[in-house]
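So the structure is just underneath, and the comments pick up after that.
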Amino acid sequence: MIEVIFSAALYFGPLNIDDLPRDYIPPIKYDYPFPGTIYVLWQSEDDTRRWCPRAGVACTIETHPDQCLVIINEAYRKHKNAIIRHENGHCNGWTH
C-alpha cells in the first residue's frame, strides 16, 4: 500500500519523544517539514528487510527535491508518527 504524507502534518500529530531513543528524532537542522511529498510504502517484514537491511523497521530509499520514498514495516504502523518524523529527517538530508 502506498500512502502519501504531507510532512507538515507530522508536526501536529501526537508524538511522545520521551518514549524514543535520544537520537531517534533528527537534529534541528533536519527536523522541519519536507518541502515535497513523502510517499510511504507499507511492506511486510521480509520485504522491508530487503529494502532496509540495517534496521528492518524503515528507511528512506530515494529522495528528490520535491518527493521522497520511504519504506516502513507494516508491523510498526502504531509508531507511524515517530517513524515518519525520523524518515522525514532523512528526506531533508540527514544521515547517521
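Things worth noting here:
- Any hit, the range 75-85, residues being of a type outside the set (Asp, Glu), outside any helix (DSSP H, G or I) and surrounded by fewer than 18 Cβ atoms within 10 Å (Cβ to Cβ): no
Okay, residues lined up against (1) within 15 Å of THR95 (Cβ to Cβ); (2) outside any loop (DSSP other than H, G, I, E, B); (3) at pLDDT 90 or above:
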{"site": "TYR24", "(1), (2), (3)": "yes, no, no"}
{"site": "PRO33", "(1), (2), (3)": "no, no, yes"}
{"site": "VAL40", "(1), (2), (3)": "no, yes, yes"}
{"site": "ASP47", "(1), (2), (3)": "no, yes, yes"}
{"site": "ALA55", "(1), (2), (3)": "yes, no, no"}
{"site": "THR60", "(1), (2), (3)": "yes, yes, yes"}
{"site": "THR63", "(1), (2), (3)": "yes, yes, yes"}
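The values are calculated or read from the model by the stated rules, or taken from the named source; none is laboratory data. Given the structure is predicted, the values throughout are model-derived calculations rather than measurements. Neighbour counts are summed over all protein chains in view; Cβ atoms, including those assigned to glycine, are modelled from backbone coordinates with ideal geometry.
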